[in-house]
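Q: Please find one structure pasted underneath; my questions will follow.
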Amino acid sequence: MLDGDLYAFQDLLSEDEAAVVRRVRDFLDAEVVPIANDHWARAEFPHHLIKRYADLDIAGRPGSNLLSGWLALEMARADASMATFYGVHAGLAMGSISMCGSPEQQERWLPQMASFGKVGAFALTEPTGGSDVAAGLRTTARRDGDSWILDGRKRWIGNATFADLIVVWARSLDDDQVKGFVVPRETPGLTATKIENKIALRTVQNADIVLDGVRVPSSSKLENANSFKDTAKVLRQTRSGVAWEAVGVMLAAYEIALKYAKERQQFGKPIASFQLVQDLLVRMVGNLTGSLGMCVRLAQLQDAGQYRDEHSALAKAYCTTRMREVVGWARELLAGNGIVLDYDIGRFVADAEALYSYEGTREINTLIVGRAITGSSAFV
Ligand SMILES: Cc1cc2nc3c(=O)[nH]c(=O)nc-3n(C[C@H](O)[C@H](O)[C@H](O)COP(=O)(O)OP(=O)(O)OC[C@H]3O[C@@H](n4cnc5c(N)ncnc54)[C@H](O)[C@@H]3O)c2cc1C
């Protein structure tokens, strides 16, 4: 049982699902938590763990959205960087192929990705901007006989320094629409350079990518990725994953703060006995519980097939905003010890900034919800 799951949402998982969650949590506690700070400090990815993620046998498995959401929560509770690694691979990259690929393309790539024989990345954002990619995407795709030629630049692409397959989104010169291509990283003309000096998710290997006359066969174009509407379908699914990750970060922060408050003594008493400290803890568990309830209902809507862009956009914007408050309060409760990595909370404070901004900033997700509830688009 998790301390922070005050309303026992976990009881909504079936017995089989709860067993998977326990298995993944045990793995994370044993193998990810102990190395998380060290790899974060060195900004190095723990490649030895890829095989261990494969052994979990969870990527690309059919199952409820409640289970996949809860797994994202558990991963972020251990380490938001590793949750992001997994989300990019199993959510964005595999999700693009399963939602936009033909049956033959799914069969070609998904089994080897599910077993982590091939790791995926997802290249949408560009140096000139992420928020207006729908209209402003500049990378081009030019048809040449039985091939496509890709030219352009991408920025922030997670896993891309070592991924085997990169899903690249580019604008077709034929019809001016955004299309998706599965590009092996080793393809001539593609270079991926690690972005250095990040202050958040340091373990994630984000890259600047240059595509210079990258030639891929027509069979690499995702058959059903023919306009940005198709890209948006993938994002609708993965944004809810980020909301779950935000809950995982809140849970970690709350658990760290609660434990510390019970152990730390000031004025001859545990600080947990002070009213103002309890106020911080209750605000934390309130944000956490409200966000978790929202994610659980979101998963039910997904499972029922009644799921729209504004549902995931609202959850992403709301939960990451609540998360930013929670990590700040937890940091405040640990005071000086809150700013050193050794107590873990410092890492969560920093990582929360990236979760808050990626997969659509709060502003962009707000505009998606605003358009849905008013019927009037405020995108400019
Ligand atoms: C750690 C990390 C990992 C990432 N991983 C990936 C990845 O794997 N693949 C990928 O494709 N991308 C990835 N991204 C990119 C991410 O999705 C973008 O950073 C995000 O979409 C914002 O784009 P931007 O940084 O270019 O900011 P901009 O789009 O330049 O926005 C700057 C500011 O302007 C605001 N703004 C923009 N337009 C409006 C408007 N109309 N109204 C009000 N405010 C507005 C934004 O909200 C923001 O505050 C990652 C980013 C980070 C930080």
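Q: For the condition part of a helix (DSSP H, G or I), within 11 Å of the ligand (Cβ to nearest atom) and within 26 Å of ALA54 (Cα to Cα), what is the one hit in PHE122, PHE85?
A: Criteria check complete, one pass: PHE85.
Q: Counting only residues that are surrounded by 21 or more Cβ atoms within 10 Å (Cβ to Cβ) and either outside the structural domain of PRO270 (by TED's automatic domain parsing) or more than 11 Å from the chain's Cα centre (by Cα) (or both), how many does the stretch 350-359 have?
A: Residues meeting the conditions: 2.
Q: Give me the pairs: first residue in the stretch 307-335 and over 18 Å from GLY69 (Cβ atoms), second residue of a type in the set (Asp, Glu), beta-carbon distance under 8 Å, and six or more apart or on different chains, which are they?
A: ARG324/GLU353
Q: Out of the stretch 167-182, which residues are without any contact (Cβ under 8 Å) to a residue 60 or more places away in the chain, buried (at least 21 other Cβ atoms within 10 Å of the Cβ) and hydrophobic (A, V, I, L, M, F, W, C)?
A: VAL168, ALA170, VAL178, PHE181
Q: Return the total of residues in the stretch 97-146 being touching a residue at least 60 places away in the same chain (Cβ under 8 Å), of a type in the set (Ser, Thr, Tyr) and crowded, with 16+ Cβ neighbours inside 10 Å.
A: Total meeting the criteria: 1.
Q: Which numbered condition in (1) surrounded by fewer than 16 Cβ atoms within 10 Å (Cβ to Cβ); (2) within 15 Å of the ligand (Cβ to nearest atom); (3) modelled with pLDDT of 95 or more; (4) under 22 Å from PHE228 (Cα atoms) is the only one that PHE162 fails?
A: It is condition (4) that PHE162 fails.
Q: Pairs please, first residue from the stretch 367-380 and free of Cβ contacts under 8 Å to residues at least 12 places away in the same chain and closer than 19 Å to LYS316 by Cβ, second anywhere and assigned to a helix (DSSP H, G or I) and away from the ligand (no atom under 11 Å from the Cβ), Cβ atoms under 6 Å, 6+ apart in sequence or on different chains.
A: SER377/ARG371
Q: For the stretch 165-183, what are the residues that are more than 16 Å from the ligand (Cβ to nearest atom) and either under 18 Å from ARG215 (Cα atoms) or assigned to a strand (DSSP E or B) (or both)?
A: Those that are more than 16 Å from the ligand (Cβ to nearest atom) and either under 18 Å from ARG215 (Cα atoms) or assigned to a strand (DSSP E or B) (or both): SER172, LEU173, ASP174.
Q: Filter the stretch 274-300 down to the residues that are surrounded by fewer than 17 Cβ atoms within 10 Å (Cβ to Cβ) and closer than 24 Å to LEU367 by Cβ and list them by number.
A: Passing the criteria: GLY290, ARG297.
Q: Can I ask one more? Step by step: first the residues of the stretch 351-373, then only those that are assigned to a helix (DSSP H, G or I) and of a type in the set (Asp, Glu), then the one that is nearest to the ligand (Cβ to nearest atom). Which residue is that?
A: So, considering only residues that are assigned to a helix (DSSP H, G or I) and of a type in the set (Asp, Glu), the one nearest to the ligand (Cβ to nearest atom) is GLU363.
Q: So THR191 clears everything in (1) among the β-branched types (Val, Ile, Thr); (2) more than 12 Å from the ligand (Cβ to nearest atom); (3) closer than 19 Å to ILE364 by Cβ except one condition, right? Which one?
A: (3)
Q: Can you tell me which of (1) surrounded by fewer than 19 Cβ atoms within 10 Å (Cβ to Cβ); (2) in a helix (DSSP H, G or I); (3) within 19 Å of the chain's Cα centre (by Cα) is the one GLY63 doesn't meet?
A: With (1) surrounded by fewer than 19 Cβ atoms within 10 Å (Cβ to Cβ); (2) in a helix (DSSP H, G or I); (3) within 19 Å of the chain's Cα centre (by Cα) applied to GLY63, the lone miss is (2).
Q: Please enumerate the residues belonging to the stretch 88-119 that are away from the ligand (no atom under 16 Å from the Cβ) and assigned to a loop (DSSP other than H, G, I, E, B).
A: GLY101, SER102, SER115, PHE116, GLY117, LYS118
The values are calculated or read from the model by the stated rules, or taken from the named source; none is laboratory data. This one's a predicted model, so the numbers in the text were calculated from it and none came from an experiment. FYI the Cβ positions are ideal-geometry reconstructions off the backbone, even for glycines, and counts take in every protein chain you see.
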